[in-house]
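Participant: What follows is a structure written as structure tokens; I'll ask about it next.
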Amino acid sequence: MKTKKRKKSKKMHGHGMGTHGRGSRKKAKKSGHRGGPGMSGSGKRADQKKTLVLKLYGHGYFGKQGITSRGTKRDKRKRINLQTIEENIDNYLRKGTAKKTKDGFEINLPGFKILGDGDVKEKLTIKVKEASKSAIEKVKKAGGEIKFE
């Protein structure tokens, strides 16, 4: 004769107990399936490392990297328009990039190419790497000059 009878609960006793959807328990024991410290285990199934990677290495980590053809190199020369120079003379004076002289302003922009968009009202002496023809004409018309490095 039975003295105690277990009331059936809604739990599935013995079915997948302790696995939490991982399959066998041996997979979940230590960090073997996560690869280990650092970037190991961040291969094909690296969902568990995604947040770590994004925090440490930034958003340029995933995606395509590698060699591009020599013909597709990006033009990295710095360019600036005359209009921008005219608008930012005060900033250049504060930073020490420009000096006020009795004639006008002396501006030193090493490595830049000046483009001719905008009008020049001040007399500017600008020291740059390159300049377009229209920029040279406009600066000369205003009484200034462009010196090359």
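The values are calculated or read from the model by the stated rules, or taken from the named source; none is laboratory data. Remember, it's a predicted structure, so these values are computed and weren't measured experimentally. Cβ sites come from the backbone with ideal geometry, for glycine too, and all protein chains shown count toward neighbours.
Participant: So which of Arg70, Arg74 is surrounded by fewer than 10 Cβ atoms within 10 Å (Cβ to Cβ), modelled with pLDDT under 80, among the charged types (D, E, K, R) and under 30 Å from Lys147 (Cα atoms)?
Facilitator: Details: Arg70 fails: under 30 Å from Lys147 (Cα atoms).
None of the others qualify; the one that does is Arg74.
Participant: Based on what the data block shows, is Phe105 modelled with pLDDT under 95, surrounded by 16 or more Cβ atoms within 10 Å (Cβ to Cβ), more than 22 Å from Lys76 (Cα to Cα) and in contact with a strand residue (DSSP E or B) (Cβ under 9 Å, 6 or more places away or on another chain)?
Facilitator: On the way: modelled with pLDDT under 95: yes; surrounded by 16 or more Cβ atoms within 10 Å (Cβ to Cβ): yes; more than 22 Å from Lys76 (Cα to Cα): yes; in contact with a strand residue (DSSP E or B) (Cβ under 9 Å, 6 or more places away or on another chain): yes.
Criteria met by Phe105.
Participant: Give the residues of segment 77-101 that are in contact with a Leu (Cβ under 9 Å, 6 or more places away or on another chain) and either charged (D, E, K, R) or loosely packed, with under 13 Cβ neighbours inside 10 Å (or both), sorted by residue number.
Facilitator: Passing the criteria: Lys78, Arg79, Glu86, Lys99, Lys100.
Participant: Kindly indicate whether Lys64 is exposed (fewer than 10 other Cβ atoms within 10 Å of the Cβ) and in contact (Cβ under 8 Å) with a residue 24 or more places away in the chain.
Facilitator: Details: exposed (fewer than 10 other Cβ atoms within 10 Å of the Cβ): yes; in contact (Cβ under 8 Å) with a residue 24 or more places away in the chain: no.
Here the answer is no, as Lys64 does not meet what is asked.
Participant: Residue by residue through segment 108-149, note down the ones that are loosely packed, with under 13 Cβ neighbours inside 10 Å and of a type in the set (A, V, I, L, M, F, W, C).
Facilitator: Phe148
Participant: Spot the failing condition for Lys49; the list is (1) surrounded by 16 or more Cβ atoms within 10 Å (Cβ to Cβ); (2) modelled with pLDDT under 90; (3) assigned to a loop (DSSP other than H, G, I, E, B), and only one is missed.
Facilitator: Lys49 satisfies every listed condition except (3).
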